[in-house]
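**Q** My questions all concern the structure below.
The values are calculated or read from the model by the stated rules, or taken from the named source; none is laboratory data. Predicted model only: the values in this text are computed from it and were never measured. Ideal geometry is used to build each Cβ from the backbone, glycine not excepted, and the neighbour counts take in all protein chains shown. Side chains are part of the model used for accessible areas, which takes the heavy atoms of the whole protein and leaves out ligands, DNA and RNA. Shrake-Rupley method; radii C 1.70, N 1.55, O 1.52, S 1.80 Å.
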Amino acid sequence: MKLPETYLEKMSLLLKDDMNEYLDAMEKHPFSCIRINTGKISVEEFMRISPFELTPVPWCPEGFYVNENERPGLHPYYYAGLYYIQEPSAMSPAAVLDVREGDIVLDACAAPGGKSTALACRMNHKGLLVSNDISVSRQYATLKNMERFGIEHSCIIAEDLNALAAKYPLFFDKILLDAPCSGEGMFRKDPSLITSWLNQDDTYYAPIQKELILNAWKMLKPGGTMVYSTCTFSVKEDEEVIAYLMENTDDAVLEESPLAHHFEPGVLKGFEKCMRLYPHKLNGEGHFVSLLRKKGTSVQNNTQNKIRSVRHEGFEEFMKLIHKDSKHSYQIIKDRIYQLPDVPFDTSSIRTVLSGLYMGSVKKDRFEPSQHLAQSLKADEFDNVLKLKSDDIRCEKFLRGETIMDDECRNGWVLVCVDDYPLGFGKCSSHTIKNKLEKGFRKI
């Protein structure tokens, strides 16, 4: 791998005697990993049915290395949302942030949504996750990943953090700020970033990161915690950004994570509690992670959305097919029905991609359920279910958007699953199941 001379000089000063070991690591293949969606399946159950040989990622209980020859993105379990394909070091920021049920959480720079899906799983459909990114177009990738994971309690927005901080000061219990950076830690995985680095190195990103961390900090409650992370080695983008926050606030405390023993310490004096991930020290790419706490006492949020139903005959009739708690607040926007998160979040003046669970659309007296709703369900929560084995040719045909046949399915809406895990809806008539799998979720 051809690395820029200026970059090599900087890394030599940083790594000293470890430089040759780092260069050797850069010639090796990146690692292939998946992270289990524990909102759908336990780690133990997935290991029982896994088609792949799995080796645990030490710092992420839901993360596993898979053989580089495996293709997890082609298996039906991927389309059922049982796992997310993610670089192992990129699992560390969400693992370090101690998110729990009922928390109000902000993923400040979320796209394409990998870290948001990790945070959401640990919240167990309780509380509120706000996934933000300044780019609307990038947030459609977040939307697709959150829908595939069946996440119900999130708002996906596209807002400048400065504007968001003005609207929501001291609002969030936990914040993840995985900041845009020069990408030095990803050179091995994505060599095209080397060209980007030559155009925009660490001097370009540091001012942006300092503005982002101050705005994120304004939104954190007293007693709350925040993770600041990057995928770069630059001290300017890492420890110096943390130092900037602490110089400009009087309530920031740098904490030591229980996961710190897996990683190398920060390189600036006084910032050793920061965590550095190097490709020559672990099986993963380069990352920087720091855990911060805001002084003070956290106040638990008790505000809940009032239960509000939508009066529509087709929707009400369809909901009789679902056997799960339906004590939720619903909102209809034009012809689309949404199940709102339990915790209120005003998006009236915010660019919003999704608020809650998109249930489906209404057309006169008819209701068409969404892919998001299908993937939020479990097989035993729907009235008419077709369970296919992963090697059943009908499973492949369904994922490609084709009509399939079944002798036992009743007429009407049917939830098509691989094993016990939903792939999408179909509509059965005389044993013929018309495919209702949305195009963006089909296997190409």
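**Q** Give, as a single signed number, the net charge of other residues whose beta carbon lies under 11 Å from the beta carbon of Ser196, with Lys and Arg counted +1 and Asp and Glu -1.
**A** Once all neighbours under 11 Å are counted, the net charge is -3.
**Q** Let me ask something else about it. Enumerate the whole-percent occupancy of each 5 Å bin, from 0 to the last occupied one, for all C-alpha pair distances of the range 115-272.
**A** 2, 8, 15, 19, 21, 18, 12, 5, 0
**Q** Of all the Cα-Cα pairs you can form in the range 300-444, what percent are over 23 Å apart?
**A** In whole percent, the long-distance tail amounts to 40.
**Q** Would you mind listing how long the chain runs along its three principal axes, going by Cα atoms, in whole Å with the largest first?
**A** 72, 48, 37
**Q** Translational D (Stokes-Einstein, µm²/s) of the range 372-444 at 10 °C and 1.306 mPa s when Rh comes from the Kirkwood sum over C-alpha pairs?
**A** Roughly 134 µm²/s, to the nearest whole number.
**Q** Run the dipole for the chain about the Cα centre, Lys and Arg Cβ at +1, Asp and Glu Cβ at -1, nothing else charged, and hand back the magnitude in debye, nearest 20.
**A** 1600 debye
**Q** Along the charge dipole of the chain, Cβ charges K/R +1 and D/E -1, which of Ile350, Cys109, Met47 sits furthest on the positive end?
**A** Positive-end residue among those listed: Ile350.
**Q** Oh, and also: At 1.4 Å probe radius, can you tell me the per residue accessible area of the range 107-148 in Å²?
**A** Here the residues of the range 107-148 average 29 Å² of exposed surface.
**Q** Using Cα-only point scatterers and the Debye equation, what is log10 of I(q)/I(0) for the range 11-99 at each q in 0.16 Å⁻¹, rounded to two decimals?
**A** Treating every Cα as an identical point scatterer, log10 I(q)/I(0) equals -0.70.
**Q** Which order do the peptides 168-181, 426-439 take when ranked by the mean count of other beta-carbon atoms within 10 Å per residue, highest first?
**A** Highest to lowest by the protection proxy: 168-181, 426-439.
**Q** Given the peptides 25-38, 384-397, arrange them by the average over their residues of other C-beta atoms within 10 Å, most packed first.
**A** In descending order of packing, they fall as 25-38, 384-397.
**Q** What is the ratio of the Cα radius of gyration of the range 187-343 to 2.2 N^0.38 Å, where N is its residue count, to two decimals?
**A** Working it through for the range 187-343, the quotient is 1.49.
**Q** Follow-up question, since we're still on this one. Kindly provide the trypsin sites (Lys or Arg not before Pro) of the range 66-157 that DSSP labels as loop, not H, G, I, E or B, and whose Cβ sees at most 16 other Cβ atoms within 10 Å.
**A** Filter output for the range 66-157: Arg100, Lys126.
**Q** Which whole-number percent is the relative contact order of the range 204-341 (Cα, under 8 Å, 6+ apart)?
**A** 23 percent
**Q** What is the magnitude of the charge dipole of the range 296-444 about its Cα centre, with +1 placed on the Cβ of each Lys and Arg, -1 on the Cβ of each Asp and Glu, and no other charges, expressed in debye to the nearest 20?
**A** That gives a dipole near 580 debye.
**Q** If packing is taken as the average count of other Cβ atoms within 10 Å, what order do 399-411, 194-206 fall into, highest mean first?
**A** 194-206, 399-411
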